[in-house]
Amino acid sequence: MRKFPSGDARKMSLYFPQDMAEHVAAQAIRLDRSKSWVVQTCVRLSKAALEQMEGAPDDEAWPRESRKVAEGGAKMPQAEAEPVL
């Protein structure tokens, strides 16, 4: 994975379910930080846990909607997504 020098930002659009987007926005207000900072901090704090997760199978016959979440085995929610950043 390529690392960018400190301070080098890349623009990216991310889409989250509405409740998650609202949670990020509320935390940004509470912490007096940007939504981008909140998401970046979440990734930094959960990096080790994310690296331990198994990826979804590459079986094209298995529809994305039915792929199970690694923790708990529940189906992924089909919530309406909104951009956060």
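The values are calculated or read from the model by the stated rules, or taken from the named source; none is laboratory data. On a predicted model such as this, the values are computed, not experimentally measured, just so you know. Note that we place each Cβ from the backbone using ideal geometry, even for glycine, and neighbour counts take in every protein chain shown.
Does region 30-71 hold any residues that are under 20 Å from Tyr15 (Cβ atoms), modelled with pLDDT of 95 or more and in a loop (DSSP other than H, G, I, E, B), and which are they?
Ser34
Suppose we filter region 5-33 for residues that are surrounded by 12 or more Cβ atoms within 10 Å (Cβ to Cβ) and either among the polar types (S, T, N, Q) or under 12 Å from the mean Cα position of the chain (by Cα) (or both); how many remain?
Going through region 5-33 one residue at a time, the tally reaches 8.
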